[in-house]
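Read through the structure below, which is laid out as structure tokens, and then see the notes.
The values are calculated or read from the model by the stated rules, or taken from the named source; none is laboratory data. Note that the structure is a prediction, hence the values are computed from the model and not measured. Cβ placement follows ideal geometry from the backbone for every residue including glycine, while neighbour counts extend to all protein chains displayed. SASA here: full protein model, heavy atoms, side chains in, ligands and nucleic acids out. Shrake-Rupley method; radii C 1.70, N 1.55, O 1.52, S 1.80 Å.
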Amino acid sequence: MARHPRSIRSRAIPGRMLPIAVAAVSVVAFAPAASADGHGHGHGRFTPGASGVGDPYFPLEGNGGYDVRHYSLDLGYDPDYDQLDGTVTITARATQNLSRFDLDLSGMDVERIWVDRRAARYTRRGQELIITPARGLRKGSVFRTVVEYGGVPQTIVGSPIVFGSPYGFLHTPDGAFVGGEPNGARTWFPVNDHPSDKATYDYTITVPEGLTAVANGRPMGHRSAVASFSRRDGRARAEVYRWREDSPMASYLTTIDIGKWDVKQGRTPGGVPNYTAVDPVLLQTQPDAVDFFYGTTSEVTDLWSRTFGQYPFGGTGAIADDARYNGQPLGFSLETQSKPVYSAVRSTGTIAHELAHQWFGDAVSPERWKDVWLNESFATWAAWYYTEVNGGRTVHDAARATYAARPFPDREGRPFWSVLTADPQRDTMFNDRVYNGGGMMLQFLREKVGDETFFTLLRTWFARHKYRNGNTAQFTSLAQQISGRDLSGFFKDWLYSPIKPPLP
């Protein structure tokens, strides 16, 4: 993430002229299950899954007892009413004998739930959607949950977590702009909302005629249709767009962006498919915005492929919107997987930052939110390196200038050095020390171990943890292993010290 100073029923309804929701990507073999009364008939007791994954920053985010394999989102959105309706099919594997389990969902109205084709009971408690299947789910079995729901997704406002900026699902004049880090996915679909449970995704998105829906992954087709709008009378012309993200993705990286777009498609010089969509409103102040985003994205994607390892996803791109809340511009862009979202025309440095996240944050995601520096410090360093490679200020100079300029408090009044890079706490998890402090640390590490060892470390970190999760202890251990040096004192000073360390 980089900082910067209204419905169509899309579930299957008899007589509708729309496709049925995309099914899970594989045929599911259902294991025998026991009754949900807590007894396994000699095969072990069935118990509820935990209501959180144990992340101290977000105790209720994510859920225990299962591992999601795939989400199939069949959605309809009507911007005239800000209304989102859908059917979400979740394919998961039970990691314990489950009598019930939770999903994360804030707001929205749930209409029906099925588990393995049987109607399931459910209750709501805050963000927890608590589901009791008709039969217990045996450990190791693969099960499928279908949730029908709808409502007006609520934008998260007033939270200090994302620099005080509104985030999550933002309603725009012609559609929607979605940037969900860290906990905004649950505002628009039922989900296991923690980066430790990555899954693949299919989207089928139905929107009014004249609008386009863009999402993560690869475009899988588009067609015109006639749809029933839930808050309108009769039927109307509509557009149906399908997208597929077939690499594992953390829930906070999901996005659907709906509106009028100028789209440019092609391939980078290195051969990576590039899908760039820009709000035509942005062309009024920067007429070359489409070519700017497309060209910079292609250049940076290929640079990072040479630097960090082969691009990890099926395509790259950009989604640039004139995104505002109550008329005020948003203050962030976000590394949504395969094509970052930008809330305005941003600098080449911001594009370099967000695309570096495709390696550090997206392909390799944090195990717990305290590990978010493994996303933001790496992307900050990469943006500095992009400037260096293009003949601008060196990272050596950028790191030292940042070091010299950081004796002062941040805008919330906290001393810069008092926030621990590797454990910044929930409300300061996107603090400047996580970005610039960690970026400095990486450059000082580079100078300490040398370029060859440093770039080997980055490429090895990416290769070992691609499509999975990583934590701070794993990275520092790998750094010591590859360098053959005791770096414990260095990391203590730069990741865990609440005071300004001396320059190494």
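Things to note:
- Subset of segment 131-153 that is aliphatic (A, V, I, L, M) and more than 27 Å from Asp82 (Cβ to Cβ) - its residue that is nearest to the chain's Cα centre (by Cα): Val142
- Within segment 138-173, the set of residues being open to solvent by less than 40 Å² (accessible area, probe 1.4 Å), touching a helix residue (DSSP H, G or I) at 6+ places or on another chain (Cβ under 9 Å) and assigned to a loop (DSSP other than H, G, I, E, B) comprises Pro153, Thr155, Ser159, Ile161.
- Scanning segment 94-105 for residues that are under 27 Å from the mean Cα position of the chain (by Cα) and buried (at least 20 other Cβ atoms within 10 Å of the Cβ) turns up Ala94, Gln96, Arg100, Phe101, Asp102, Leu103, Asp104, Leu105.
- Cross-chain or 6+ apart pairs with Cβ under 9 Å, segment 235-248 first and under 10 Å from Tyr201 (Cβ atoms) and open to solvent by 30 Å² or more (accessible area, probe 1.4 Å), then of a type in the set (S, T, N, Q) and part of a strand (DSSP E or B): Arg244/Thr200; Asp246/Thr200; Pro248/Thr200; Pro248/Ser365
- Failed item, numbered, when Arg117 is tested on (1) within 20 Å of the chain's Cα centre (by Cα); (2) open to solvent by 70 Å² or more (accessible area, probe 1.4 Å): (1)
- Check on Gly179, at positive phi and either open to solvent by less than 10 Å² (accessible area, probe 1.4 Å) or modelled with pLDDT of 95 or more (or both): no
- Within segment 64-81, considering residues that are open to solvent by 20 Å² or more (accessible area, probe 1.4 Å) and of a type in the set (D, E, K, R), the one farthest from Phe46 (Cα to Cα): Asp80
- Of residues in segment 334-378 being within 20 Å of Val272 (Cβ to Cβ) and among the hydroxyl-bearing types (Ser, Thr, Tyr), the one nearest to the chain's Cα centre (by Cα): Thr336
- Only residues that are over 15 Å from Leu420 (Cα atoms) and hydrophobic (A, V, I, L, M, F, W, C) were counted in segment 465-504, giving 6.
- Thr348 vs. criteria open to solvent by 20 Å² or more (accessible area, probe 1.4 Å) and either at pLDDT below 95 or within 22 Å of Ser377 (Cβ to Cβ) (or both): yes
- Taking the listed residues Pro59, Pro166, the one that is outside the structural domain of Pro195 (by the TED database) and of a type outside the set (A, V, I, L, M) is Pro166, with no other qualifying.
- Filtered by the rule that a residue be outside any strand (DSSP E or B) and basic (Lys, Arg), segment 101-119 gives a lone residue, Arg117.
- Within segment 351-386, the set of residues being within 17 Å of Gly438 (Cβ to Cβ) and either among the acidic types (Asp, Glu) or open to solvent by 30 Å² or more (accessible area, probe 1.4 Å) (or both) comprises Glu354, Glu367, Arg368, Lys370, Asp371, Glu376, Trp384, Tyr385.
- Pairs linking a residue in segment 481-504 that is over 15 Å from Arg433 (Cα atoms) and at pLDDT below 95 to a residue that is of a type outside the set (Val, Ile, Thr) and surrounded by 10 or more Cβ atoms within 10 Å (Cβ to Cβ), with Cβ atoms under 7 Å and 6 or more positions apart or on different chains, are Leu503/Tyr403; Pro504/Phe444; Pro504/Lys448; Pro504/Phe490.
- Test for Asp257: is it on the phi < 0 side of the Ramachandran plot, surrounded by fewer than 21 Cβ atoms within 10 Å (Cβ to Cβ) and within 19 Å of the chain's Cα centre (by Cα): no
- Filtered residues of segment 274-301 (kept if of a type outside the set (A, V, I, L, M, F, W, C) and under 16 Å from His357 (Cβ atoms)): Thr296, Thr297, Thr301
- Any hit, segment 130-144, residues being aromatic (Phe, Trp, Tyr) and modelled with pLDDT under 95: no
- Filtering Ser298, Ser338, Ser333 for residues that are at pLDDT 95 or above, touching a Lys or Arg at 6+ places or on another chain (Cβ under 9 Å), surrounded by 20 or more Cβ atoms within 10 Å (Cβ to Cβ) and farther than 20 Å from Gly179 by Cα leaves a single hit, Ser298.
- Within segment 120-133, the set of residues being part of a loop (DSSP other than H, G, I, E, B) and either open to solvent by less than 50 Å² (accessible area, probe 1.4 Å) or in contact with a Gly (Cβ under 7 Å, 6 or more places away or on another chain) (or both) comprises Ala120, Gln127, Pro133.
- Within segment 424-475, being open to solvent by 50 Å² or more (accessible area, probe 1.4 Å), out of contact with any Ser or Thr (no Cβ under 8 Å at 6 or more places or on another chain) and not in a helix (DSSP H, G or I) holds for Gln425, Lys466.
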